[in-house]
Amino acid sequence: MSTVTTISSDAFGTLPDGTSVERWTLERDGTRVRLLTYGAIVQSVEVPDRNGTAGEVVLGLPDLAGYTTYASPFFGAVCGRYANRIGGAAFTLDGRTHRLTANEGPNQLHGGARGFDKRVWDAREVDGGVELGLVAEDGEEGFPGRLAVSVTYTLEPGGTLRIGYRATTDAPTVVNLTNHTYWNLAGAETGSALGHELRIAAGRITPVDAASLPTGELASVDGTRFDFRRAKPVGPEYDHNYVLDAPGELAEAAAELYDAGSGRALTVRTTEPGIQLYTADHLGDGGPFVPSAGIALETQHFPDSPNRPHFPSTVLRPGEEYVSTTEYDFSVR
């Protein structure tokens, strides 16, 4: 195994307002990852198959125009300040109601009309990778508090991709960050990822209503199509949050994805209490990928937690630090 990660950067394009976007490349032990300062996006992950042939395993776009003009399914982006949905685009904290930008009907999804996925992040090289940072001002998309955020991507021994999130605030607020990469272990250009074998270490989900908002129940997966406690092929029409059995334990595999054709396997470990399984059934509406071309496994707190006091809290207060870590480990079988 290599003792160091090779790190380089190049220009990726310029936004209409003149802001430059960089692309950073990390390489180690057979894994190559490309990251953009626009949206803190994971543009590319290349790993070998069982024959040693490297291949692209995430859905990414070749140029900046694709990310800014295509009706965004959040390809590879960091979503925030609050990933997933907040019902009614509002929540009450310490007796004060905060009205947010609604961008999915009456609700807010992934931080609003201009969430973190549409921001250009500052970048600096760190040991083993790159740290991306931004500041979300008080009132952006309706959220209270000036939030300082960093997301650090590193390649660890064996080519494991680690994402470390941190945030602090100057006023009480809510925070829930995730990465929205779509995985296709057979190869990004091979078509649908349905049929990949998936295991999720979760005996419960948070069921949703017709607007994809949690009902508030923590429901058992026993006897339902949502039971992935033993690996089975992934079918269509999943956009659900799984309540992990061992939250906060990086030593435990939260999810495992496997493609029998290539032999590639992905193991996800996280400190978060949930994983959103999304099968991207609506891809293909004018874009470059077919429906379900990738499977998203979004490590997160639960959707609509600010309005569900019995869900794990997403409140962040001055003097506290939001800290979250997710690891993606690649192997072959």
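The values are calculated or read from the model by the stated rules, or taken from the named source; none is laboratory data. Note that the coordinates shown come from a computational prediction; the quantities given were computed from them, not determined experimentally. Ideal geometry is used to build each Cβ from the backbone, glycine not excepted, and the neighbour counts take in all protein chains shown. Remember, those area values only see protein heavy atoms, side chains included, never the ligands or the DNA or RNA. Shrake-Rupley method; radii C 1.70, N 1.55, O 1.52, S 1.80 Å.
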Residue within the stretch 186-196 that is hydroxyl-bearing (Ser, Thr, Tyr), open to solvent by less than 50 Å² (accessible area, probe 1.4 Å) and touching a residue at least 40 places away in the same chain (Cβ under 8 Å) present: no
Within the stretch 227-248, considering residues that are in contact (Cβ under 8 Å) with a residue 60 or more places away in the chain and not aliphatic (A, V, I, L, M), the one least open to solvent (accessible area, probe 1.4 Å): Asn241
Extreme residue, nearest to Cys79 (Cα to Cα), among residues of the stretch 11-22 that are open to solvent by 60 Å² or more (accessible area, probe 1.4 Å) and assigned to a strand (DSSP E or B): Glu22
Hey, Arg34 closer than 13 Å to Leu155 by Cα, free of Cβ contacts under 8 Å to residues at least 60 places away in the same chain and touching a Ser or Thr at 6+ places or on another chain (Cβ under 9 Å) or not: yes
Selection from the stretch 203-221 of residues that are part of a loop (DSSP other than H, G, I, E, B) and either open to solvent by 70 Å² or more (accessible area, probe 1.4 Å) or closer than 18 Å to Arg308 by Cβ (or both): Pro207, Asp209, Ala210, Ala211, Ser212, Leu213, Thr215, Gly216, Glu217, Leu218
Contacts under 8 angstrom Cβ, first residue in the stretch 320-332 being under 21 Å from Leu244 (Cα atoms), partner modelled with pLDDT under 95 and surrounded by fewer than 19 Cβ atoms within 10 Å (Cβ to Cβ), 6 or more apart: Thr325/Leu250; Glu327/Leu250
Scan of the stretch 300-333 for residues that are under 22 Å from Thr92 (Cβ atoms) and open to solvent by 30 Å² or more (accessible area, probe 1.4 Å), ordered by number: His301, Asn307, Arg308, Pro309, His310, Pro312, Ser313, Val315, Arg317, Pro318, Gly319, Glu320
Selected residue (criterion: farthest from Asn184 (Cα to Cα)) from residues of the stretch 23-52 that are open to solvent by 40 Å² or more (accessible area, probe 1.4 Å) and assigned to a loop (DSSP other than H, G, I, E, B): Asp29
Hey, Thr224 more than 21 Å from the chain's Cα centre (by Cα) and either at positive phi or surrounded by fewer than 15 Cβ atoms within 10 Å (Cβ to Cβ) (or both) or not: yes
Residue in the stretch 166-185 that is farthest from Val268 (Cα to Cα), counting only those that are open to solvent by less than 10 Å² (accessible area, probe 1.4 Å) and part of a strand (DSSP E or B): Thr173
Condition broken by Ile200, with the remaining ones in (1) surrounded by 15 or more Cβ atoms within 10 Å (Cβ to Cβ); (2) over 17 Å from the mean Cα position of the chain (by Cα); (3) of a type in the set (A, V, I, L, M, F, W, C) satisfied: (2)
Phe289 vs. criteria open to solvent by 10 Å² or more (accessible area, probe 1.4 Å) and either in contact with a Leu (Cβ under 7 Å, 6 or more places away or on another chain) or touching a residue at least 40 places away in the same chain (Cβ under 8 Å) (or both): yes
Matching option when the condition is touching a Pro at 6+ places or on another chain (Cβ under 7 Å), open to solvent by less than 20 Å² (accessible area, probe 1.4 Å), closer than 28 Å to Ser292 by Cα and not polar (S, T, N, Q), among Ile86, Ile163: Ile86
Among (1) surrounded by fewer than 19 Cβ atoms within 10 Å (Cβ to Cβ); (2) part of a loop (DSSP other than H, G, I, E, B) - the single one Gly111 does not satisfy: (1)
Members of the stretch 298-333 that are of a type in the set (Asp, Glu) and in a strand (DSSP E or B): Glu298, Glu327, Asp329
Test: residue in the stretch 269-278 that is among the β-branched types (Val, Ile, Thr) and surrounded by 19 or more Cβ atoms within 10 Å (Cβ to Cβ): yes
Residue in the stretch 121-139 that is in a loop (DSSP other than H, G, I, E, B), under 30 Å from Arg28 (Cα atoms) and open to solvent by 10 Å² or more (accessible area, probe 1.4 Å) present: yes
